[in-house]
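Quick notes on the structure that follows.
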Amino acid sequence: MKRSFLLLYVLLVQAFYGAWSSSVGGSLHCEYSNLANLHRPHSVSITEFGAVGDGVTLNTKAFQNALFYLNSFSDKGGAKLFVPAGQWLTGSFDLISHLTLWLDKGATILGSTSSEDWPVVDPLPSYGRGRELPGQRHRSLIYGQNLTDVVITGENGTIDGQGSVWWDWFRNGELNYTRPHLVELMNSTGLIISNLTFLNSPFWNIHPVYCRDVVVKNLTILAPLESPNTDGVDPDSSTNVCIEDCYIVTGDDLVSIKSGWDEYGISYARPSSKIKIIRLTGQTTSSSGVSIGSEMSGGVSEVYIKDLHLFNSSTGIRIKTSPGRGGYVRNVHILNVKLDNVKKAIRFTGKYGEHPDEDFDPKALPVIEKITFENVHGGGIGVAGLLEGIEGDEFKNICFINVTLTLKKKNSKKSPWECSNVRGYSQWVSPEITCDSLKESIFPEHQSDCFGLSENNHLEISSGLGRSPWLLSW
């Protein structure tokens, strides 16, 4: 009987990859398109506007003037702003539509270490306040809103936020406003960020929020492991996002999918959906390789994570939420995960806390369902699973298939799987799941309850994101 279930599983996997492969022409890559043209008919160098790449001269006005000039070409095929080798110190500046910001080999855009060069703006409507402090927040170094067709790329140039001064201000309680990101693009469509190195962000590195059709690929993102909240890539209330071939070592989550905070996120109602993360490698000693939440009040769905490699880290995959969040996390398929020396392989946190104010509704409970972990392998693992749902709000249809984790220390008194208020199914898991609510086998009765395993879900994976002609092919 077990052999027949295994055969069924193999056939399903073959059908899945056959449909997936044929829909992308044999490629599992983010797709560029002609809507985000890398070859602009007009090009200028930042030096033409008086910029000096000595690492000392402040070039904010040069960037602003160059972009103001290039905006005249937005209806003529767009333009490219060329940043040559050098150290280009600047404060925050706004991008324009139909733009390629090109950082040449040896070029570094340096964020100013003066907070006055990072203007203060209103909080996001889905957050209601700054993420760290009530009220406003500092604007990102590279910023834009209501844009179309923007490319930030180059010959492995660097964007360095020089964040250590911000980290010190944060730790010492000297900030009046929430720290800035390196790149934040809002309400924008058709975005590519590729072939660059990001260093030392004051806060999150890359934050597309209320965006659609976003490609983030071939990036190196680095910050000290002890740096506070230096997330790598945080898609937030955004749709059709592809994150591919990135190496990230930071002081927080490598990738964190978000969609608003408590009553503000519930009211704004902008979900994150159709998020694809492929070939992500990295390390975080404080947080997770990929997390969903804790700000997920607008909802998160249709998330596909494949080929994640995490080493010497705190947590592999984590879902974070809390009473008061509302929203949902559903239809998540995590496939092919390699974990080396990771304290907690898989973690659900149902009582994360952290509310924007006292006006949240504690009866607004999140819906967490249809989360599938498939082909997860690791060595030197501390705890296989720490799965904590919410009493009276059970996380359901949580599925584990072909999971093999070698524990660093065997403690007969402590289970490798700790579960509460979580229900689902498992097949071929080692160490064996000891939680009664997850022991029931997937095959032959419950594959349709596990997202990504039934025939219909395989077809959904192969075609669901392909509807956007600009970005993703499945």
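Highlighted here are the strands (runs of 3 or more DSSP E) found entirely within region 95-167 that include at least 2 residues which are open to solvent by 20 Å² or more (accessible area, probe 1.4 Å) and touching a residue at least 40 places away in the same chain (Cβ under 8 Å): 157-160. Of Ala36, Ala51, all but one fail to be modelled with pLDDT under 95, more than 30 Å from Gln447 (Cα to Cα), open to solvent by less than 30 Å² (accessible area, probe 1.4 Å) and of a type in the set (A, V, I, L, M); the exception is Ala36. Do we have Lys343 as assigned to a strand (DSSP E or B), within 30 Å of Ser267 (Cβ to Cβ), open to solvent by 50 Å² or more (accessible area, probe 1.4 Å) and free of Cβ contacts under 8 Å to residues at least 60 places away in the same chain here? No. Being open to solvent by 20 Å² or more (accessible area, probe 1.4 Å) and either of a type in the set (Gly, Ala, Ser) or in contact with a strand residue (DSSP E or B) (Cβ under 9 Å, 6 or more places away or on another chain) (or both) holds for only one residue in Asn195, Asn229, and it is Asn195. For the structure I just gave you, tell me whether Lys306 is charged (D, E, K, R), open to solvent by 10 Å² or more (accessible area, probe 1.4 Å) and either closer than 28 Å to Val403 by Cα or touching a Cys at 6+ places or on another chain (Cβ under 8 Å) (or both). Here the answer is yes, as Lys306 does meet what is asked. Note on region 382-418: residues that are closer than 16 Å to Thr315 by Cβ and either open to solvent by 20 Å² or more (accessible area, probe 1.4 Å) or among the charged types (D, E, K, R) (or both) total 8.
Are any of the residues in region 174-191 hydrophobic (A, V, I, L, M, F, W, C) and touching a helix residue (DSSP H, G or I) at 6+ places or on another chain (Cβ under 6 Å)? Yes, some residue in region 174-191 is hydrophobic (A, V, I, L, M, F, W, C) and touching a helix residue (DSSP H, G or I) at 6+ places or on another chain (Cβ under 6 Å).
Out of the residues in region 324-334 that are of a type outside the set (Ser, Thr, Tyr) and open to solvent by 10 Å² or more (accessible area, probe 1.4 Å), which is nearest to Lys276 (Cα to Cα)? The residue in question is Asn331. Among residues of region 384-402 that are free of Cβ contacts under 8 Å to residues at least 60 places away in the same chain and on the phi > 0 side of the Ramachandran plot, those with a beta-carbon under 9 Å from a residue that is among the polar types (S, T, N, Q) and open to solvent by 50 Å² or more (accessible area, probe 1.4 Å) at least six positions away or on a different chain give the pairs Gly392/Asn421. Of all residues in region 141-154, which are more than 18 Å from Leu222 (Cβ to Cβ) and not polar (S, T, N, Q)? The answer is Tyr143, Gly144, Leu147, Asp149, Val150, Val151. Determine which member of the set Thr321, Thr281, Thr315, Thr285 is surrounded by fewer than 24 Cβ atoms within 10 Å (Cβ to Cβ), among the hydroxyl-bearing types (Ser, Thr, Tyr) and closer than 19 Å to Phe373 by Cβ. Thr281 is the lone residue from the list that is surrounded by fewer than 24 Cβ atoms within 10 Å (Cβ to Cβ), among the hydroxyl-bearing types (Ser, Thr, Tyr) and closer than 19 Å to Phe373 by Cβ.
Condition check ((1) modelled with pLDDT of 95 or more; (2) among the aromatic types (Phe, Trp, Tyr); (3) within 23 Å of Gln145 (Cα to Cα); (4) in contact with a Gly (Cβ under 9 Å, 6 or more places away or on another chain)) across all residues:
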position: Lys61; (1), (2), (3), (4): yes, no, yes, yes
position: Ala66; (1), (2), (3), (4): yes, no, yes, no
position: Tyr69; (1), (2), (3), (4): yes, yes, yes, no
position: Asp75; (1), (2), (3), (4): no, no, yes, no
position: Lys80; (1), (2), (3), (4): yes, no, yes, no
position: Pro84; (1), (2), (3), (4): yes, no, no, yes
position: Thr90; (1), (2), (3), (4): yes, no, yes, yes
position: Ser97; (1), (2), (3), (4): yes, no, yes, yes
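What pairs come up if the first residue lies in region 357-370 and is under 13 Å from Gly128 (Cβ atoms), the second is open to solvent by less than 40 Å² (accessible area, probe 1.4 Å) and among the acidic types (Asp, Glu), and their beta carbons are under 7 Å apart, counting only those six or more places apart or on different chains? From residues that are under 13 Å from Gly128 (Cβ atoms), the pairs are Phe360/Asp262.
Results for (1) in a strand (DSSP E or B); (2) under 18 Å from Thr153 (Cα atoms), shown as yes or no for each residue.
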| site | (1), (2) |
| --- | --- |
| Gly173 | no, no |
| His181 | no, yes |
| Glu184 | yes, yes |
| Ser194 | yes, yes |
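Annotation: of all residues in region 170-187 being touching a residue at least 40 places away in the same chain (Cβ under 8 Å) and open to solvent by 50 Å² or more (accessible area, probe 1.4 Å), the one that is nearest to the chain's Cα centre (by Cα) is Asn187.
Within the span defined as region 214-228, one or more residues are of a type in the set (Ser, Thr, Tyr) and not in a loop (DSSP other than H, G, I, E, B). Among the residues of region 232-269, which ones are among the polar types (S, T, N, Q) and surrounded by 21 or more Cβ atoms within 10 Å (Cβ to Cβ)? Hits for region 232-269 are Ser237, Ser238, Thr239, Asn240, Thr250, Ser256, Ser259.
Number of residues in region 54-94 that are surrounded by fewer than 19 Cβ atoms within 10 Å (Cβ to Cβ), polar (S, T, N, Q) and closer than 12 Å to Leu110 by Cβ equals 3.
Selection of first residues in region 253-279 that are over 24 Å from Lys217 (Cα atoms) and without any contact (Cβ under 8 Å) to a residue 40 or more places away in the chain and of second residues that are of a type outside the set (Asp, Glu) and in a loop (DSSP other than H, G, I, E, B), restricted to Cβ pairs under 6 Å at least 6 apart or on distinct chains, gives the following pairs, ordered by first then second residue: Ala269/Gly298.
Exactly one residue out of Asn156, Asn146 is closer than 25 Å to Leu81 by Cα and out of contact with any strand residue (DSSP E or B) (no Cβ under 7 Å at 6 or more places or on another chain): that is Asn146.
The values are calculated or read from the model by the stated rules, or taken from the named source; none is laboratory data. Because the structure is predicted, anything quoted here is derived from the model rather than measured. FYI the Cβ positions are ideal-geometry reconstructions off the backbone, even for glycines, and counts take in every protein chain you see. To get the accessible areas, we keep the full protein, side chains included, count just its heavy atoms, and leave off ligands, DNA and RNA. Shrake-Rupley method; radii C 1.70, N 1.55, O 1.52, S 1.80 Å.
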